[in-house]
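Everything below concerns the one structure shown next.
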Amino acid sequence: MLLKIKRAKAVPTSPRMLIAIKLWVAYGLVLNTNQVRSVINTIIDGINNVKNAILNSFKTLSSKKIDELIIDRMNKFTSMGVYSS
């Protein structure tokens, strides 16, 4: 009879967090709880900054008419590579 082992669900982490953890392990750094809290707070602040930027951009874009958005987008890409002084 095979035993069914319950596995813990993985906690989602950002790529930066994974890199930081790998560096700490590679260099044998000992973390205390203040360092861990600092890293977690930094990540949470970054997530909140991105969330706020997305919401602000959405508010700005949603207030424009679709025709304006299309014209702005076309102008943006047609002006690429053109130098104007």
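Just so you know, all these numbers are worked out from the coordinates, no wet-lab data involved. Here the structure is a predicted model, which is why all the values come from computation and not from measurement. Virtual Cβ from ideal backbone geometry, glycine too; neighbours counted across all protein chains shown.
See the values below:
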item	result
Under the Karplus curve 6.51 cos²θ - 1.76 cosθ + 1.60, θ = phi - 60°, whole-Hz ³J(HN,Hα) for segment 62-79, x wherever Gly or Pro sits	6, 7, 8, 6, 4, 4, 5, 4, 5, 5, 4, 5, 5, 5, 4, 7, 6, 8
Computed label-point distance, nm, for sites N52 and L69 using a 7 Å Cα→Cβ extension	2.4 nm
